[in-house]
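Only one structure is covered here, and it is reproduced in the block below.
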Amino acid sequence: MAPVPNNGTVAVTGAAGFIGGWIVRLLLDRGFRVRACVRNVDDDSRTGFLRAMPGYASGRLTLHAADLDNEGCFDDIFPGCHGVCHVSHVSDYDDQDYVRRVCEHIIRSVNQSGSVNRVVVTSSIAAVISEADIHEVVRRPVFYEDRYPDEQNPKRTPARGQGYSMGKVLAQRIFAEAAARHGGWDAITVCPADNVGPIQSAHQKDMGPWQHNIESMLLGKYYQNGAYRPWMTVDVRDDAACHIGVLCSTEVSNGERYIAWSTDVRRVEDICADINRLLPELRHATPEVTDPFPERIREREQELRGVWAKAELRNDRIRQLLGIEFRPLDDSIRDCVESLLSVGGVEPVRRDN
Ligand SMILES: NC(=O)c1ccc[n+]([C@@H]2O[C@H](COP(=O)([O-])OP(=O)(O)OC[C@H]3O[C@@H](n4cnc5c(N)ncnc54)[C@H](OP(=O)(O)O)[C@@H]3O)[C@@H](O)[C@H]2O)c1
């Protein structure tokens, strides 16, 4: 399938979001025309940073209102676009029928567009690593593109916290099947890891979750997360570069997926301490990490940490495809903190000395 040409036109869903906002910026930097899709064009607190981008002044960047929940929402936006980056969240991952329905909304608009060659679908590493039974991580500890969660496990249900992972796998398949049926476009999936890096607009500090977690650390509170899973990260700017690389590649095929992560791994308590290590001038009062887990999880802390420590993160596929060098996590933490202060207006808790 023909990829998106240089200077081509790309629609981005979730353009006001953390990742979507960086995809928009990088697309503009590389000469593309961008149709940024947001739910409320008039909400300046969420879209002001897009309007402030130089491409908006010339008209190379345009803003469009679209709520995925409404059928036909992209019918007037996609015609003339060569590619679509479908980055946005959906309103409810636990309802798989709803996930299917909103995918169909996008697919119908792509099919009708007469111009879209490629859709990049933003999934998640949750569609690679999330397990209803942690022992499955012990059994299959290599995390790469062909690893899927154990879908036969009867505990893999939304009620047991697997809705997000299930919804992401479902969306990937729906898009690939629809593209194969249509024959005029292809669908490639990107599975981003835990995104860390600079926010571009104050509202993004409350989203994330990872930049919001760093905000909480700056404000002096932090709770252990993910049953002691360490952060497995990618810089949000590198994640955006992966999306654009896949959008333009001549080497990808319908249905493939690419994990976007640097393979850096860090425990939450180390991230809290890193703020002070990386920016001693800030005199950040490093918070104690509070453990909110019930006793039965806390009793297994060493075992669970041990399971994650043996996980092997691979990014061979995206590196081979794009030749990308991922930023070190230290740079992402530093830039995230500085943006939270300068863009987000966060006032960190500081030590006296
Ligand atoms: N952040 C991460 O670490 C991470 C990791 C793995 C995967 N991902 C995936 O990456 C994507 C973007 O994540 P993010 O962190 O950038 O999220 P985010 O900052 O929360 O932005 C998501 C955007 O989704 C839009 N949205 C939500 N429901 C919508 C609907 N019904 N119709 C249209 N737009 C809707 C919102 O648009 P409006 O602002 O216009 O309301 C929001 O700006 C998601 O698909 C997420 O699952 C993220």
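Coordinate-derived values only; no laboratory data. A quick note: this is a predicted structure, and the numbers were derived from the prediction, not measured. Positions of Cβ are backbone-derived with ideal geometry, glycine not excepted, and every protein chain shown enters the neighbour counts.
With axes computed from alpha carbons, what is the tilt in degrees of helix 329-342 against the longest principal axis of the chain, rounded to the nearest 10 within 0 to 90?
So the inclination is approximately 80 degrees.
Using a Förster distance of 51 Å, how high is the FRET efficiency between Glu338 and Gln152, based on the Cβ-Cβ distance and rounded to 0.05?
0.65
Hey, what angle do you get for helix 18-29 against the long axis of the chain, alpha-carbon based, 0 to 90 degrees rounded to 10?
50
Summing -39500 (n - 2.57) over the DSSP H runs of n ≥ 4 in the chain and dividing by its residue number, what mean residue ellipticity at 222 nm do you reach, to the nearest 500 deg cm²/dmol?
That calculation yields -11500 deg cm²/dmol at 222 nm.
On a 0 to 90° scale, report how tilted helix 163-182 is relative to the longest principal axis of the chain, with both axes built from alpha carbons and the result rounded to the nearest 10.
20
What are the lysines whose alpha-carbon lies under 21 Å from the alpha-carbon of Lys205, with same-chain residues fewer than 8 places away excluded?
Cross-link targets: Lys221.
With N residues in the chain, what two-decimal value do you get for its Cα radius of gyration over 2.2 N^0.38 Å?
0.98
On a C-alpha basis, how far is the centre of region 257-335 from the centre of region 8-83 in Å? Whole number, if you could?
31
What fraction, in whole percent, of alpha-carbon pairs in region 140-256 exceed 21 Å separation?
Of all Cα-Cα distances in region 140-256, 55 percent exceed 21 Å.
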